[in-house]
Every structure is written in C-alpha cells, then in structure tokens.
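S.K.: Have a look at the structure that comes next, please.
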Amino acid sequence: MFKVVTPKTEQEFDAYFHFRWEYLRQPWNFPPGSEKDEYEQVAEHRMIVDGQNQVVACGRVHMNTAEEAQIRHIAVHADHQRKGLGQMMLDALENVAREQGAIRAVTNSREGSIPFFTGCGFVVEREAPNELGLLKRQQMVKKLAITDALVLHPKWCQQLQQTWSDTIPITEHMGIKLHQYTGRTLETRASLNKNINVHGTMFAGSIFSLATLTGWGMLYLQLKERQLDGDIVLGDGDIHYHKPITMKPRAVCNIESLSGKYALLEKRKKSRFTIHVEILDDDKPVAEFKGVYYVLPPTAKEPT
C-alpha cells in the first residue's frame with residue numbers, strides 16, 4: 001500500500017533528501033548535499049511511502065510566479081517503477097500547484113523522462129539549461145485544469161465566475177475561483193500566493209473580499225434557482241478574524257445561513273438578505289463574516 005505524505009520532522013526530511021540524492025545525484029558522482037538548492041525553503045515537498053513507511057518516490061514543486069509552478073526532482077525507487085507511482089507523485093504536486101493558484105506547470109525534463117511527461121499532458125516548449133552541467137533537458141509545459149469539484153448547474157456557476165471577472169477584475173488578480181456548488185453549499189477559494197503579505201499570511205482585506213464575494217455568489221445562485229432576477233449590492237459587512245491564513249484560503253456559505261424574502265422580488269420590490277460565510281485555512285476555521293445584501297428589482301425598460 002502506497003500513500004503520498006508531506007515530510008515534516010527532521011527524520012522525515014533526512015529520508016526524503018537522502019532518497020533524492022540517491023536517485024538524482026549519486027549516479028553522477030555528486031556528493032550528498034548537491035540534491036538541495038536555494039528553493040527548498042519556499043517549495044512544497046512530497047514523498048510516497050510504502051506499508052513499512054519507507055520512501056519509494058519523491059518530488060517537489062515551487063512557484064516561479066503567481067500563476068506558474070515549477071515541478072522538479074521526481075524520482076521513483078528502482079524496485080517500484082512502472083507501477084504508477086510517478087503519475088501518483090505528479091498528480092499530488094499538480095494539486096498543490098492548483099491550490100497555490102497556478103494555472104500552468106513547467107518542468108525541465110531530461111531526455112529519458114520526456115515520454116513520461118508527454119504522457120501526463122506536458123508538451124515541449126524549448127530547450128532548458130543542462131542539469132549538473134552535463135545532462136540535456138527540455139522545458140515542458142502543461143495547463144492546469146480545476147479538478148475534483150462538484151458543481152451543480154455548471155452554466156450558472158460559469159456565468160457567476162464570468163460576472164466576477166467582468167465587473168470585479170480584482171477577483172482575477174486575487175485568484176478567487178468558485179470551487180464547489182451543491183445547491184445548498186457554495187465554496188470558493190483564493191490563491192494565498194497572490195494575496196500574501198510581508199508576514200507570510202493572507203491580507204485581511206483579501207479575506208474580507210473573498211467572504212463578500214462568496215455571500216454575493218450564493219445569493220446570485222439562489223436567485224437563479226428561483227428564476228428571479230435583480231441587482232445584488234452589499235449593504236453592510238462585518239467580519240471577525242480569529243487566526244491568520246497561512247495555507248489554503250477557503251470560504252464556505254451554507255443555505256441555512258441565508259435569510260430574506262424572495263416574495264418581495266416576485267412583486268418587483270427591493271428585498272434585504274443576510275448571509276453568513278465561514279472562512280477557513282484548509283480545514284481550520286479562521287474568520288466569520290456576516291453580510292447584509294439588497295436585491296434591487298430590474299429597472300423596467302422604457303417603451304419604444
């Protein structure tokens with residue numbers, strides 16, 4: 001049984017780096033330590049372990065820019081090659097890249113690894129600098145798509161995302177995306193990498209914007225569910241911060257937290273709604289938002 005884990009303890013990192021050296025540096029007579037570079041502290045590290053907790057594969061990803069992730073150092077134990085562990089490791093690293101806001105991944109592949117990355121959706125873009133001064137490499141690129149999200153009424157959700165992009169361009173710069181909509185729950189996510197302050201945490205203003213848009217989005221989709229229309233405006237917003245966000249910014253809004261009178265809109269009258277949004281850092285609650293929104297009935301068109 002194999003599983004992907006994140007090295008955390010000194011002992012786990014020692015095993016991880018030793019494995020990297022053994023498979024990626026020792027064959028070319030480079031000493032221990034040569035497997036490390038200046039990106040280790042800002043990178044995300046993953047390894048695959050077997051049932052005895054022994055390392056059988058490794059890999060690393062770090063962000064080159066707010067939208068581009070660099071995947072490096074994928075290696076698989078000689079006794080476990082051709083078992084899908086390379087694909088398993090790459091999938092894990094791509095998921096990390098998506099969570100950090102990347103829309104594309106790049107890797108500098110040795111010639112022998114090009115077929116593997118090609119089979120995983122990468123394409124050769126250009127020649128890359130030689131590794132260790134002697135191994136020829138090609139830079140390969142892959143566009144990252146959002147996966148593993150349940151989206152009810154995908155057309156409405158796409159319209160909502162497009163509305164945010166068209167009318168509130170900052171959502172694109174913040175990396176705010178609709179992640180999941182079940183009809184009862186709306187979850188959005190933002191890129192920490194695009195909203196990080198000097199302390200390595202998410203800007204408070206970005207958290208507020210994420211919460212506000214999530215509440216707005218839930219009301220937008222609920223109007224669609226009821227075949228109603230109107231202009232949604234924020235009347236008031238109150239947020240309480242408990243902890244900083246250092247990992248994965250998420251906002252969740254449940255339908256039970258939404259209250260207001262849809263009947264007024266059916267009579268083409270303004271209606272007031274209150275919505276609660278929970279902000280999480282991965283699975284840890286870090287902030288609570290209460291928003292008051294008004295829905296204004298569409299303005300009647302002048303007769304022609």
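The values are calculated or read from the model by the stated rules, or taken from the named source; none is laboratory data. Model, not experiment: these values are computed from the prediction. Cβ placement follows ideal geometry from the backbone for every residue including glycine, while neighbour counts extend to all protein chains displayed.
S.K.: For segment 282-304, what are the residues that are assigned by TED's automatic domain parsing to the domain that holds Leu219, at pLDDT below 95 and among the acidic types (Asp, Glu)?
M.R.: Listed by number, the residues that qualify are Asp282, Asp283.
For every residue, the table says whether it meets (1) over 30 Å from Leu24 (Cα atoms); (2) of a type in the set (Phe, Trp, Tyr); (3) part of a helix (DSSP H, G or I); (4) touching a helix residue (DSSP H, G or I) at 6+ places or on another chain (Cβ under 9 Å).
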position: Gln138; (1), (2), (3), (4): no, no, no, yes
position: Gln159; (1), (2), (3), (4): yes, no, yes, yes
position: Trp164; (1), (2), (3), (4): yes, yes, yes, yes
position: His173; (1), (2), (3), (4): yes, no, yes, no
position: Thr188; (1), (2), (3), (4): yes, no, no, yes
position: Ser191; (1), (2), (3), (4): yes, no, no, yes
position: Gly200; (1), (2), (3), (4): yes, no, no, no
position: Met218; (1), (2), (3), (4): yes, no, yes, yes
position: Gln227; (1), (2), (3), (4): yes, no, no, no
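S.K.: Further question: Is segment 284-295 home to any residue that is in a loop (DSSP other than H, G, I, E, B) and either of a type in the set (Phe, Trp, Tyr) or surrounded by fewer than 18 Cβ atoms within 10 Å (Cβ to Cβ) (or both)?
M.R.: Within segment 284-295, the first condition is being in a loop (DSSP other than H, G, I, E, B), and the residues that meet it are none.
The answer is no; no qualifying residue exists.
S.K.: I've got another one for you. List pairs: first residue in segment 8-25 and farther than 16 Å from Ala78 by Cα, second residue surrounded by fewer than 18 Cβ atoms within 10 Å (Cβ to Cβ) anywhere in the structure, Cβ distance under 8 angstrom, at least six positions apart or on different chains.
M.R.: Close Cβ pairs satisfying both conditions: Glu12/Val5; Phe17/Lys36.
S.K.: Here is a further query. Can you tell me which residue in segment 108-132 is nearest to Lys142 (Cα to Cα), limited to those that are part of a helix (DSSP H, G or I) and β-branched (Val, Ile, Thr)?
M.R.: Thr118
S.K.: Given the conditions (1) farther than 30 Å from His173 by Cβ; (2) not in a loop (DSSP other than H, G, I, E, B), which single one is not true for Pro7?
M.R.: It is condition (2) that Pro7 fails.
S.K.: Of all residues in segment 236-264, how many are over 19 Å from Gly183 (Cβ atoms), among the aliphatic types (A, V, I, L, M) and not in a strand (DSSP E or B)?
M.R.: The number of residues fulfilling the criteria is 4.
S.K.: Would you mind finding the one in Ile71, Ile114 that is in contact (Cβ under 8 Å) with a residue 24 or more places away in the chain and surrounded by fewer than 22 Cβ atoms within 10 Å (Cβ to Cβ)?
M.R.: Matching residue, one of Ile71, Ile114: Ile114.
S.K.: Pick from segment 27-41 the residues that are under 28 Å from the mean Cα position of the chain (by Cα) and part of a loop (DSSP other than H, G, I, E, B): which of them is farthest from Ala75 (Cα to Cα)?
M.R.: Of all residues in segment 27-41, those under 28 Å from the mean Cα position of the chain (by Cα) come to 35-41.
Filter once more, keeping what is part of a loop (DSSP other than H, G, I, E, B): 35-39.
Working: Glu35: 12, Lys36: 14, Asp37: 16, Glu38: 19, Tyr39: 18 Å.
The extreme case among them is Glu38.
S.K.: Can Leu213 be described as among the aliphatic types (A, V, I, L, M), touching a Ser or Thr at 6+ places or on another chain (Cβ under 6 Å), free of Cβ contacts under 8 Å to residues at least 60 places away in the same chain and part of a helix (DSSP H, G or I)? Show your work before the answer.
M.R.: Details: among the aliphatic types (A, V, I, L, M): yes; touching a Ser or Thr at 6+ places or on another chain (Cβ under 6 Å): no; free of Cβ contacts under 8 Å to residues at least 60 places away in the same chain: yes; part of a helix (DSSP H, G or I): yes.
For Leu213, the condition - among the aliphatic types (A, V, I, L, M), touching a Ser or Thr at 6+ places or on another chain (Cβ under 6 Å), free of Cβ contacts under 8 Å to residues at least 60 places away in the same chain and part of a helix (DSSP H, G or I) - is not met.
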